[in-house]
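To start, the structure under review is shown below, and the notes come after it.
Any read-out appearing in this document is the output of simple, stated calculations on the displayed coordinates, not a laboratory observation. From a predicted model like this one, the values you see are computed outputs, not experimental measurements. Note: ideal-geometry Cβ built from the backbone for every residue, glycine included; neighbour counts use all protein chains shown.
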Amino acid sequence: MATRIPAPSADDAASVADELAVLDPDRTLELGGRSVTIREYGFFEGLDVADRASAFIEDLVAATEDGRLRYAQVRRLFGRHRAVVPAIAAQAANVEVAWLETLAPGEQELFMATWFATNSAFFVREVLAEVREAQVLAAGASAGLSVSPGSPPPDSVPPSSLADAPSAS
């Protein structure tokens, strides 16, 4: 005898959608009479974006001082960093900034919100990298050390003195 399987609840469906978004974060929108796919940055492309948008990322770090990153705060930074944000957002969709600027305000809002949601993991990783670096530098400073994130810990550096040098005799 066949058993009827109950339909998933709305919460279950949302959970599945969230899991799929992690696997494939790309989003396709119909904007300005065009089908546009906003994609997540690849690794090396992300390095370039992080370099170009370093001031934007610094402001994201400052916006997360309370441990939370809220879109309302991020959205305001789009205007502060207007010289770079539209370019990196357009890059993620393979569209021109000029085309993006011709969209109606509601479509621009949808595009920017979708772009940030699609690439939020990238921006969170960049913010965390900055926070970790600041913590390492602060820990080194409080211990009286001059430490850079790429330096080995002080106790792992071999001693260098004349006594350690091999003798010529």
Out of A92, A98, A63, sole residue that is surrounded by 15 or more Cβ atoms within 10 Å (Cβ to Cβ) and free of Cβ contacts under 8 Å to residues at least 24 places away in the same chain: A63
Residues within region 42-60 that are surrounded by 15 or more Cβ atoms within 10 Å (Cβ to Cβ) and either farther than 18 Å from V74 by Cα or of a type in the set (G, A, S) (or both), tallied: 4
Elements of type helices (runs of 4 or more DSSP H) contained in region 31-125, each with 2 or more residues being within 14 Å of the chain's Cα centre (by Cα): 43-52, 54-63, 71-80, 85-93, 105-118
Failed criterion for E109 (all others in (1) farther than 13 Å from L29 by Cα; (2) exposed (fewer than 14 other Cβ atoms within 10 Å of the Cβ) hold): (1)
Any chance E130 is among the acidic types (D, E), surrounded by fewer than 20 Cβ atoms within 10 Å (Cβ to Cβ) and more than 16 Å from S35 (Cα to Cα): yes
Region 66-79, subset of a type in the set (A, V, I, L, M, F, W, C) and surrounded by 12 or more Cβ atoms within 10 Å (Cβ to Cβ), residue farthest from A129 (Cα to Cα): F78
